[in-house]
Amino acid sequence: MFNYLTEEQDNILKRASETWGTGFQKDMLQEECAELVTAVSHWKRDRVHISAIFEEVADVLIVCRQLMLDHANSGIEMYLHNMIESKMNRLEKRIILGDVNAPILLRDEE
Ligand SMILES: [Mg+2]
């Protein structure tokens, strides 16, 4: 459903989990998200090219895909599908209503 990698790349991620286990994923997710946050900080101060952002986005997407694959039997893809649909519907509603809080588009309803 939300597969932005090829089947072959998915298989590499599955082999990585089989080889090293899944216990390291929390650390990897945390580390890659932190690297993305750091890259954004540097980008905001014009210290890096936007390509540095997308390099870190690629890492985060890969780790997220591995997380999805390792939890494939728990219905996580349907949950993710529903979450994205809900958030996109809310975003569209805010656009239609001309929500003045547009810069915080994905923040939960208060
Ligand atoms: Mg990284």
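Values quoted throughout were computed directly from the atomic coordinates according to the rules given, and no laboratory measurement underlies them. Just so we're clear, the structure is a prediction, and the values are computed from it rather than from any experiment. Because the Cβ atoms are built from the backbone with ideal geometry, glycine has one as well, and the counts that use them run over all protein chains shown.
Numbers at a glance
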| quantity | calculated |
| --- | --- |
| Average Cα contact separation per residue, the chain, under 8 Å, 6 or more apart, as relative contact order % | 29 percent |
| Expected 222 nm ellipticity per residue - DSSP helices of 4 or more, -39500 (n - 2.57), all of the chain, to 500 | -24000 deg cm²/dmol |
| Amide H contacts under 5 Å for Leu5, placed H, 5+ residues apart | none |
| Cα-derived Rg over Rh, computed across the chain with Rh taken as Kirkwood radius | 1.04 |
| Ile84-Asp99 pseudo-label distance in nm [points 7 Å out on the Cα-to-Cβ vector] | 1.9 nm |
